[in-house]
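Nothing in this text is a laboratory measurement; each read-out follows from the coordinates by a stated rule. Worth saying up front: this structure is predicted, and the values here are computed from it rather than measured. Positions of Cβ are backbone-derived with ideal geometry, glycine not excepted, and every protein chain shown enters the neighbour counts.
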Amino acid sequence: MSENISFSEIEKRIIFHIDFDYFYAQCEEIRKPKLRNIPSVVCVYSGRGEDSGVVSTCNYEARKYGVKAAMPIKLAKSKLKDVHSMFLPTDMPYYHEISTKAMRIIQNYGELFEQVSVDECYMDFTKITNSDFDDAKIFAVSLQKNIKDQIKLTCSIGVGPNKLIAKIASGINKPNGITVVRLEDAKQFISNCKIDDIPGVGPKTSKKLESLGIKSVSDISKKGIFELRDALGYKIATFLVNASNAIDYSQIKVRGTSKQIGKIVTLKKDTTTLEQIKLTVENLCISVFENLENKRQAFRVLTIILILENLQHVSFSKSLKLYSASLDELHKNSLLIINEMISNNSISLDNIRRIGIVVSDLKDISGQDSLLNYLEN
Ligand code: DGT
Ligand code: CA
Ligand code: CA
């Protein structure tokens with residue numbers, strides 16, 4: 001995948017890293033709002049004795065008392081012995097449910113999406129922002145607000161020119177923070193970080209670096225890969241030298257099930273009539289359909305994205321009863337949804353700045369005799 005990407009395309013990227021705050025503990029607060037005002041601690045009980053086990057995570061109220069992930073439950077209880085607090089066991093199915101809802105809201109932005117864990121994902125916002133970091137900030141605010149309004153969950157967002165910078169940035173202003181690091185500021189940003197702020201650097205690598213007299217990120221950036229190769233191995237040496245220069249070429253890894261095809265266009269300033277919008281939608285559908293046809297895929301979920309003059313983001317997804325590979329159906333449904341979105345949200349046509357159409361839940365149909373056969377089955 002990466003070999004097809006040119007330098008200039010890499011340089012123009014805008015990547016979001018989204019990390020849900022104190023995730024398991026916040027999920028507990030969502031169903032028991034009283035927990036918000038007291039230290040609450042989510043624990044993995046070992047089953048061997050009453051308080052045997054470790055802290056999985058805790059809310060920020062509990063963090064004030066020094067409670068941390070991986071701490072023995074007994075120690076956490078002793079830190080909170082003088083305050084009213086709550087200790088709860090983990091409930092993974094419920095956390096996954098909340099995670100799925102939040103991830104769906106993020107995916108509705110219709111860009112390349114990669115979920116890395118139950119509470120973390122990356123999204124490539126290059127297209128939707130036209131590589132503009134000011135727009136990216138507005139999208140980050142909107143995304144954070146959408147998740148908060150819809151499921152009462154806060155998250156922290158890092159925006160950067162690549163995954164590495166975005167990931168570090170999301171941890172800077174926790175909880176409920178947004179940190180934007182522009183391409184031109186990325187080198188300075190990473191130089192101000194500690195070596196073990198770089199994801200993947202643990203105590204083992206830190207120690208090895210220290211034995212080479214390397215104490216800071218800028219120390220690494222002054223070294224060549226070959227100088228570090230013997231101590232660390234070629235792979236880690238390359239990663240670290242690149243990272244210390246704020247370089248990271250890794251791509252968003254779209255998972256099989258969340259693959260999608262989409263296109264967003266910016267409307268001309270004077271494109272305000274319904275006719276013009278219809279024409280734009282038709283062209284978008286044709287382009288998305290050609291892409292589907294080339295990949296020999298059918299879709300089931302259709303998402304329409306409207307981006308307004310103030311960059312407010314309105315999206316709506318519809319799931320079809322059957323997989324479809326028909327341009328007509330794509331076109332018909334897109335128009336229906338857009339009409340509904342405009343009237344339900346009383347959006348004035350003048351306000352629409354960009355329109356996007358995304359199809360997802362894709363299925364291979366290359367084995368079918370023809371698209372038509374497939375549809376009639
Ligand atoms: P944050 O992101 O600093 O606001 O707090 P969390 O709790 O979201 O921390 P994060 O993102 O490192 O981890 C996500 C979830 O993974 C967390 O809610 C619980 C679980 N987790 C993290 N660290 C540990 C651990 O050391 N042990 C266990 N059992 N679970 C953990
Ligand atoms: Ca988290
Ligand atoms: Ca996380």
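For this structure, a couple of remarks:
- The residues of segment 206-235 that are crowded, with 18+ Cβ neighbours inside 10 Å and farther than 24 Å from Glu184 by Cβ, listed by number, are Leu209, Ile214, Leu228, Leu232.
- Cβ pairs under 8 Å, 6+ apart, first in segment 10-29 and more than 11 Å from ligand 3 (Cβ to nearest atom), second charged (D, E, K, R) and part of a helix (DSSP H, G or I): Ile15/Lys163; Glu29/Arg36
For (1) within 16 Å of ligand 2 (Cβ to nearest atom); (2) closer than 26 Å to Glu184 by Cα; (3) of a type in the set (S, T, N, Q), each residue gets a yes or a no:
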{"site": "Ser78", "(1), (2), (3)": "no, no, yes"}
{"site": "Lys81", "(1), (2), (3)": "no, no, no"}
{"site": "Leu88", "(1), (2), (3)": "no, no, no"}
{"site": "Met92", "(1), (2), (3)": "yes, no, no"}
{"site": "Ser99", "(1), (2), (3)": "yes, no, yes"}
{"site": "Asp119", "(1), (2), (3)": "yes, no, no"}
{"site": "Thr126", "(1), (2), (3)": "no, yes, yes"}
{"site": "Ser131", "(1), (2), (3)": "no, yes, yes"}
{"site": "Asp134", "(1), (2), (3)": "no, yes, no"}
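- One residue stands out in segment 296-325 among those that are among the charged types (D, E, K, R) and free of Cβ contacts under 8 Å to residues at least 40 places away in the same chain: the one that is nearest to Gln144 (Cα to Cα), namely Lys318.
- When segment 8-54 is filtered for residues that are within 16 Å of ligand 2 (Cβ to nearest atom), surrounded by fewer than 24 Cβ atoms within 10 Å (Cβ to Cβ) and part of a strand (DSSP E or B), only Asp19 remains.
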